[in-house]
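Undergrad: Dumping the structure here so I can ask a few things about it.
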Amino acid sequence: MKILPQKTQTNQSMTSGCITIGLVFIFLLLGPLLTPINHTSQNLSASLQPPSSSHWMGTDYYGRDVLARLVFGGRITWIIAIASTFMAVNIGTIIGLFSAYQGGWIDLIVMRLVDVMLAFPKLFVVLLIVGLGASSTSLLIWVLALFSWMEIARIVRSEVMSQKNRTYIKSVRALGLRTPRIVFIHILPNVLGPVIVSSVLLISTIILVESSLSFLGLGVQAPSASWGSILNDGRIDPLGTWWLSVPAGLLILTTVIGFNLIGNGLHKQLDLKKIV
Amino acid sequence: MLNGIIRRILSAIPTLLVGITLCFLIIHLAPGNPATRFLNPSQTAATQEIIRERFGLNQSLPIQYFHWLKQVLFHFDFGYSFYNGKDCTEVLISALGPTIILSFWALVFALSVGISLGIFTALRADTHVDRVINSTMMIFLSTPAFWLGLMFIGLFTIHLNWLPGSHLHSLYYDQLDSFGQLLDSVRHLILPVFTLGLPLAATVFKYIRAGMIDALQSDYTLAARARGIRQSTILWKYSLKNSLLPLVSLLGVIIPALLSGAVIVEVVFALPGVGRAMVTAVFGRDYPILMAGASLAFFIVILFNIVADIFYRILDPRIRNSAGGL
């Protein structure tokens, strides 16, 4: 009796997450078909126009088309989030595998470093580096990745720890296989489940951090755009110029909810208890 | 027990040292140079050298580091702001007040809302009420704090004119009587506290709800019920106590989130706290303030981690009595 509603809910979570993310993805992919205007072309005589037939989502202070900026900014936000997550997952997986398999003092030092880095308030540190450096998209991706791998490393480590003394590993070791082969071919596939779940959830976290930075004026720089920087344009009168602040905020919210739903769905589907 | 606590505090010292060293390195190795703030091409080489010397920027990085560390550890001296020449420690201590007030009330709000809604929905798992509250909380968990703040300001400050949307006090604060001053401060705090507290409340809610559902379905609850213990006793004495435990260790996650969130909320609501001071310092390339602020944030997190660990071990007899525990 108990299994049935749980199964339905799992599918609900995954399905609604996939639909949400699918819709945002289609919007970003096909967006340029909706508006032929370039996202950087200014028209000061048409500053802060509300939505109309020529500008479906209105214009900003410089008369730039908000719809074009939402599409372009969304692509930037997505690229940054996915690229940093990809890098963070790779770094975290390699460090976690290495640390757990080596054990001993290497493991001790690596895990202490993970503790130290987790104790940094993420936005605080990323803000420092990105703010002090010349804010470029590639620097932003790097910094976000370098401060996001720790959770993944922890999960991989604890999974490897539980796998490495199992019989199948002992037997491949007895067969004389070399460590890298054991780690990558035999252990890694068995720890991938939790890693996939937390990387989907990590995309959401990174989107929130990136948009916060861009909102503060430290992330993606003008004339380029990200959803966070578009929101910043609507800061003076958030509801008066709602076409600047509401759609960008809703897009961030929808994307984050979408990825969270997929993460939760996968979490239940794979029946993982350890990650929240 | 006391031995264990002392051991835990001592074990934090290397972490703290590594952390503040990382703060120093991050700031000094980040692209850009502190000296560029003061130097411009129209100055003569001699002037530039004097400026570098004045701020100790002509020395090598290790020497700068050891000098900074010595001042911090033995004199609690973080140097002087590049921007206005004020003592960094004083600047941050005065900025700490608003941050503590904001974070404290946001935490109180998050815990009270998160815990009560978590229990409420766990008892009604899989009903319509549960689904509505759960979805609402999921939305708050995914909402960017700055957007929530902007929407609050737009609605409650600009359009409805119900609550102030910036600063800690009104301009006429000094002319009010003490009750008026209290009311004025409360009115100024409502929107920032909600903005910072709602996403946190959602996090707390998620943990408590999951913990309570687990606890209510556990064997010990079943055994207690079989023994005829009253439902309310089971709920308050056993289930709640066990589902609150993970919350203590969650403090380690909540505190960094609270500090990160405070940066955004302080900027949006123009509150003179540490977060806003840091953002201003980033724009002004005020390196001493940045190093002091980053070290302070790190110190606060480590402190709360220790407190959470100690509490956790006091509350959980399994850890308290185990050989490796406190």
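The values are calculated or read from the model by the stated rules, or taken from the named source; none is laboratory data. No experiment lies behind these values; they were computed from the predicted model shown. Glycine gets a Cβ as well: all are built from the backbone with ideal geometry, and neighbour counts include every protein chain shown.
Undergrad: Regarding region A:115-124, can at least one residue be identified that is of a type in the set (Gly, Ala, Ser), within 14 Å of another protein chain (Cβ to nearest Cβ), buried (at least 18 other Cβ atoms within 10 Å of the Cβ) and touching a Ser or Thr at 6+ places or on another chain (Cβ under 8 Å)?
TA: Taking every residue of region A:115-124 in turn, at least one turns out to be of a type in the set (Gly, Ala, Ser), within 14 Å of another protein chain (Cβ to nearest Cβ), buried (at least 18 other Cβ atoms within 10 Å of the Cβ) and touching a Ser or Thr at 6+ places or on another chain (Cβ under 8 Å).
Undergrad: With respect to A:ILE185, determine if the residue is in contact (Cβ under 8 Å) with a residue 40 or more places away in the chain and of a type in the set (A, V, I, L, M, F, W, C).
TA: Working: in contact (Cβ under 8 Å) with a residue 40 or more places away in the chain: no; of a type in the set (A, V, I, L, M, F, W, C): yes.
In short, no.
Undergrad: Is it the case that A:ARG75 is basic (Lys, Arg) and free of Cβ contacts under 8 Å to residues at least 60 places away in the same chain?
TA: When the stated conditions are applied, A:ARG75 passes them.
Undergrad: For B:PRO164, state whether it is part of a loop (DSSP other than H, G, I, E, B) and surrounded by 19 or more Cβ atoms within 10 Å (Cβ to Cβ).
TA: yes
Undergrad: Now for a separate question. Among residues belonging to region B:152-191 that are within 17 Å of B:GLY273 (Cα to Cα) and within 14 Å of chain A (Cβ to nearest Cβ), point out the one that is modelled with the highest pLDDT.
TA: It comes out as B:LEU191.
Undergrad: If A:ALA88 satisfies every condition in (1) more than 14 Å from chain B (Cβ to nearest Cβ); (2) buried (at least 17 other Cβ atoms within 10 Å of the Cβ); (3) touching a residue at least 24 places away in the same chain (Cβ under 8 Å); (4) farther than 30 Å from A:ARG166 by Cβ but one, which is the exception?
TA: (4)
Undergrad: Of all residues being of a type in the set (Gly, Ala, Ser) and facing another protein chain (nearest Cβ under 7 Å) in region A:125-150, which is surrounded by the fewest Cβ atoms within 10 Å (Cβ to Cβ)? Just the residue, please.
TA: Going through the qualifying residues, I end up with A:ALA134.
Undergrad: For region B:263-280, name all the residues that are more than 9 Å from chain A (Cβ to nearest Cβ) and touching a helix residue (DSSP H, G or I) at 6+ places or on another chain (Cβ under 7 Å). Lay out the reasoning, then the answer.
TA: Taking region B:263-280 first, the residues more than 9 Å from chain A (Cβ to nearest Cβ) are B:265-266, B:269-274, B:276-277, B:280.
Within region B:263-280, B:VAL265, B:GLU266, B:PHE269, B:LEU271, B:PRO272, B:GLY273, B:VAL274, B:ARG276, B:ALA277 meet the criteria.
Undergrad: More than 8 Å from chain A (Cβ to nearest Cβ), out of contact with any strand residue (DSSP E or B) (no Cβ under 6 Å at 6 or more places or on another chain) and within 21 Å of B:PHE140 (Cα to Cα): is that true of B:VAL253 in this structure?
TA: Against the criterion (more than 8 Å from chain A (Cβ to nearest Cβ), out of contact with any strand residue (DSSP E or B) (no Cβ under 6 Å at 6 or more places or on another chain) and within 21 Å of B:PHE140 (Cα to Cα)), B:VAL253 qualifies.
Undergrad: Which numbered condition in (1) under 30 Å from B:LEU189 (Cα atoms); (2) within 14 Å of chain A (Cβ to nearest Cβ) is the only one that B:ARG8 fails?
TA: So the condition that B:ARG8 fails would be (1).
Undergrad: In the set B:GLY97, B:GLY114, B:GLY149, which member is within 11 Å of another protein chain (Cβ to nearest Cβ) and part of a helix (DSSP H, G or I)?
TA: Only one candidate qualifies: B:GLY149.
Undergrad: Could I ask something else about it? From (1) more than 9 Å from every other protein chain (Cβ to nearest Cβ); (2) closer than 30 Å to A:PHE124 by Cα, pick out the condition that doesn't hold for A:VAL172.
TA: Every listed condition holds for A:VAL172 apart from (2).
Undergrad: Mind counting the residues in region A:164-178 that are closer than 11 Å to A:TYR101 by Cα and loosely packed, with under 11 Cβ neighbours inside 10 Å? Talk me through it step by step, then tell me what you get.
TA: Keep residues of region A:164-178 that are closer than 11 Å to A:TYR101 by Cα, which gives A:164-165.
This time we only want the ones that are loosely packed, with under 11 Cβ neighbours inside 10 Å, so: A:165.
Going through region A:164-178 one residue at a time, the tally reaches 1.
Undergrad: In region A:247-256, what count of residues is obtained for those that are facing chain B (nearest Cβ under 8 Å) and free of Cβ contacts under 8 Å to residues at least 40 places away in the same chain?
TA: Number satisfying all stated conditions: 2.
Undergrad: Same structure again: Pick from A:ILE230, A:ILE207: which is closer than 19 Å to A:PHE86 by Cα, at pLDDT 85 or above, within 12 Å of chain B (Cβ to nearest Cβ) and surrounded by 20 or more Cβ atoms within 10 Å (Cβ to Cβ)?
TA: Residue meeting the stated conditions: A:ILE207.
Undergrad: Working carefully through the options A:LEU201, A:LEU188, A:LEU239, find the one that is more than 26 Å from B:PRO256 (Cα to Cα) and more than 8 Å from every other protein chain (Cβ to nearest Cβ).
TA: A:LEU188
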